[in-house]
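Notes follow the structure.
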Amino acid sequence: MDVASLRGAAVAADPLRVRRTLVVLAGVTLAASAAGLTVAGARAELRQHALQTRGVAVTVRVSGCSGQPGGSGSNVATYACTGTFRLDGRSHRATVPGGSFLAVGSAWRGVTLPDDPAVLAAPAAVSQAPLPAVLLAGPALLGAAAAGAAMGWRRVSSGGS
């Protein structure tokens, strides 16, 4: 099938091959997205469990906050506050989770991991139940869509329409 001509040079494309390629690319993209989201969910679940079982309380001394702009950039939507805390005799710098404005010098109580002080969470977030199973719904739907794309590819490759 002649698709287009550019200065006399014709470009031919096989519509079935183009369709197959697009279906395969869609399936691979969906499968990769499902795998990535599943790994991210598992990591979050492991981090939550580690904080619940091995977390230690720390007091973060706030050293500053900066406003983070909202969608249009004309107003502050949230704040990024930083501070320091001591753990096992060492000082650690961290970003305070939550997005609220905190006064410089104020104390914020958090929970961290002794072997990974970069992980910092609010005690209320740590005491929550494990992450809801609904978070796995997204990866499951993407996986199902990838399977659908694979079935579509089989249909396309066998000549069905």
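The values are calculated or read from the model by the stated rules, or taken from the named source; none is laboratory data. These figures come from a predicted structure and were not determined experimentally. All Cβ positions, even for glycine, are placed from backbone atoms using ideal geometry, and neighbour counts span all protein chains on display.
Details
- Long-range neighbours under 8 Å by Cβ, at least six apart or interchain, first residue closer than 18 Å to residue 45 by Cβ and at pLDDT 95 or above within the stretch 114-126, second of a type in the set (D, E, K, R) and surrounded by fewer than 13 Cβ atoms within 10 Å (Cβ to Cβ): none
- Checklist (1) in a strand (DSSP E or B); (2) over 21 Å from residue 125 (Cα atoms); (3) modelled with pLDDT of 95 or more; (4) not hydroxyl-bearing (Ser, Thr, Tyr) applied to residue 67, failing item: (3)
- Residue in the stretch 91-99 that is of a type outside the set (Asp, Glu), surrounded by 14 or more Cβ atoms within 10 Å (Cβ to Cβ) and over 14 Å from residue 122 (Cα atoms) present: yes
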